[in-house]
Amino acid sequence: EDEASLFFQATLSSIWQPKGRTIQIKTYSGQEKISFYGSLNLRSGKEHTMRCKRQNQKTTIRHFGYLRRSYPRKRIAIFWDGAPWHKGRLIRAYLGKVRCFSLISFPPYSPELNPQEKVWKQARKNVSHNHGFRSFLALQLAFQSYLKKTRFRMNFLKQYG
């Protein structure tokens, strides 16, 4: 599980331009942003994504509810980082009532271990880098659609058992 923010301002990666031509890239200077919660099923490669305005304990609990509905009567292992909203009174109270989650924390400052980070990177590369969307909503929907339609195969379970 991990969270990511998506901004309407395009991030630039690589671009091709004929030699001798000036590169012109239209950009949007606004600060619009939306957040996503994402959880990758490491066995199937299916991504479970939820758009939200804020990353906080209440939204984390909403995402957990979404996962519970997606996998009823299953134990769910959550691998996550040390974000402040992963801790706290509301999270502890929720997990005290709901016993289907096993939480495994990554070591501090080790995003390279989190398979969800690779999902975000791939989605940004294929959707939001160098984008030409005219509206922020169109970009959000394309980002979410890409995450829903793509199967992300990771060797995390084989690598770490």
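The values are calculated or read from the model by the stated rules, or taken from the named source; none is laboratory data. As the structure is a computational prediction, the values presented were derived from the model and not from experiment. Cβ sites come from the backbone with ideal geometry, for glycine too, and all protein chains shown count toward neighbours. For the accessible areas, the whole protein counts, side chains as well, though only heavy atoms, and no ligand, DNA or RNA atoms are used. Shrake-Rupley method; radii C 1.70, N 1.55, O 1.52, S 1.80 Å.
So the values come out like this:
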item: Estimated [θ] at 222 nm from DSSP helical runs (n ≥ 4, -39500 (n - 2.57)) normalised by residues in the chain, nearest 500; result: -9500 deg cm²/dmol
item: Around Leu42: net Lys/Arg minus Asp/Glu count, Cβ-Cβ under 14 Å; result: +4
item: Accessible surface of Glu117 - all protein chains present, 1.4 Å probe, nearest 10 Å²; result: 60 Å²
item: Solvent accessible area, Å² - Ile23, 1.4 Å probe, full protein context; result: 90 Å²
item: With all protein chains modelled, accessible area of His63 [1.4 Å, Å²]; result: 0 Å²
item: 3J(HN,Hα) from dihedral phi, region 61-77, Karplus parametrisation 6.51/-1.76/1.60, rounded to Hz, x for glycine, proline; result: 5, 4, 5, 4, x, 4, 5, 4, 5, 6, 10, x, 6, 10, 7, 10, 8
item: Sulfur and carbon atoms: percent of accessible area, the chain [1.4 Å]; result: 52 percent
item: Built amide H within the under 5 Å cut-off of Ile76, gap 5+; result: Phe101, Ser102
item: Solvent exposure of the chain as accessible area per residue, Å², 1.4 Å probe; result: 67 Å²
item: Net dipole in debye of region 33-144 [+1 Lys, Arg Cβ; -1 Asp, Glu Cβ; about Cα centre; nearest 20]; result: 540 debye
item: Nearest-ten-degree value, helix 136-149 long axis tilted from longest Cα axis of the chain; result: 60 degrees
item: Reach of Lys148 by Cα under 26 Å, taken over lysines that are not fewer than 8 positions away in the same chain; result: Lys33, Lys46, Lys53, Lys58, Lys74, Lys118, Lys121, Lys125, Lys158
item: DSSP-defined antiparallel bridges as percent of all bridges, the chain, nearest 5; result: 65 percent
